[in-house]
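One structure below.
What follows draws every value from the coordinates through simple rules; no lab data is involved. On a predicted model such as this, the values are computed, not experimentally measured, just so you know. Positions of Cβ are generated from backbone atoms using ideal geometry, with glycine treated the same way; all protein chains shown enter the neighbour counts.
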Amino acid sequence: MGDLNVSKRAQSVPASPIRKLIPYSDEAENRGIHVYHLNIGQPDLATPTIYFDRIRSFKGVDAYTNSAGLMELREKFSEYYKRWGIPFEKEDVIITEGGSEAALFAIAAVADPGDEIIVVEPFYANYRAFATFLNVKLVPVTSRAENGYAMPPISDFEKVLTSKTRAILFPNPGNPTGTVYTSETLNEIVDFAFNHNLYIISDEVYREITFDGLKAHSIMDFGKQENLIVIDSLSKRFNVCGARIGALATKNRSVLKSVLKMAMMRLSPNRLSQYGALGLFELNDSYYRTMVNEYQKRRDVVYDELSKVPGIVLSKPQGAFYFAARIPVDDSEKFVKWMLTDFSVDGKTTMVAPLSGFYVTPKLGKDEIRIAYVLKEKELREACQILKMGIGAYKSERKKAKV
């Protein structure tokens, strides 16, 4: 009997650039090294107790829900959107297993195998995995560290437009960059998409988390609503990453009908998580203010510390809880591994995410990293100081190796 092979699809799906290095941190911790994890967007803020209170109050059978989710939860999403001036009715919302499933469904709904979707790189790394799984090609337009990862000009989109282009996909606020796009920029993108009969898939998971009085504009603020799809999640704004409650929302009935059929394949979202999520929408504005103030303080700590690194290229993020920066190393993935295998300060080291896996274009991101500022200020400052010392030590070691 010959060897059994897995499918080409299974072989081609990329590993998470964030999670694939976890074995190195596990080994470091097994050696007694304390690892400051700035590599994954898992905040340390407490999950609101109302979420757990709701689940504890549940009575009856933990049965399937509608494949589109609990109608009460879809209504809560609708009310929430309307407070933001986003005109989604409950019928426009499908509850998903996290924002990731919403992104997967959105790509599958608008693009066939061989079709193309324009992405703004660097982007949320799992977009690449979803597209590869669906045999959809991601075509990049590139933002640059030197100008704060601002949206590339429309001329860049025009250069990559082909007869196979079906959509434009980007997060706002940005993961991994922390960039918040201006209303002028978004209006241009919407006009471009409308003029070329393209969808826009707008990932608005970090909507509330913006700094210095800035507001994140929803793509739905700019009209042309039949072309627009919003993907969303409760994971980050309420720190319920494990609940896996997301949403896909659109005014396009054909997209909704298609996504509902996909949702039927996995039967329904988790009932208890949905039930708990109902309570989260009862939190008032003070909850969001407290959360945003905390992240803004953390952002300032990271910026203050990393600005002292000679040769670094970074801008102060406007939203989310991520920093993307170009650092003076030859290969950020090798550097991250080295920090875990060869470097520590008083028994401690820092783990960040190499940024190459957040790009489509080969070789881009090799000297860039993403930092998730998901630790308390004191820990965060020490982690950044260790990172700064690590960059200096790594450069020195590499220089010696070349002599």
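Pick out, from T179, G276, L355, the residue whose Cα sits farthest towards the positive end of the charge dipole of the chain, with +1 on the Cβ of Lys and Arg and -1 on the Cβ of Asp and Glu. Checked the options; the winner is L355.
Let me check against my output: what whole-number percent is the relative contact order of region 1-100, with C-alpha pairs under 8 Å and at least 6 apart? If you can, show how the numbers build up before the last one.
Details: 35 pairs, mean separation 16.3, N = 100.
Rounded, it is 16 percent for region 1-100.
Note: relative contact order over the chain, using C-alpha pairs below 8 Å and six or more positions apart, is 24 percent. When each of M291, M264 is scored by the number of other beta-carbon atoms lying within 10 Å, the sequence from fewest to most is M264, M291. Summing Cβ point charges (Lys, Arg +1; Asp, Glu -1) relative to the Cα centre of region 49-280 gives a dipole of roughly 760 debye. Summarising the strand pairing of region 49-280, around 35 percent of its internal DSSP beta bridges are antiparallel. When both region 60-89 and region 231-262 are represented by their alpha-carbon centers, they are found 10 Å apart. Sorting the segments 92-100, 241-249, 300-308 by their residues' average number of neighbouring beta-carbon atoms within 10 angstrom, most packed first, yields 92-100, 241-249, 300-308. Bridges between two residues of the chain, per DSSP, are antiparallel at a rate of about 45%.
Relative contact order for region 49-280 using alpha-carbon pairs under 8 Å, separation at least 6, rounded to a whole percent? Computed over region 49-280, the figure is 31 percent.
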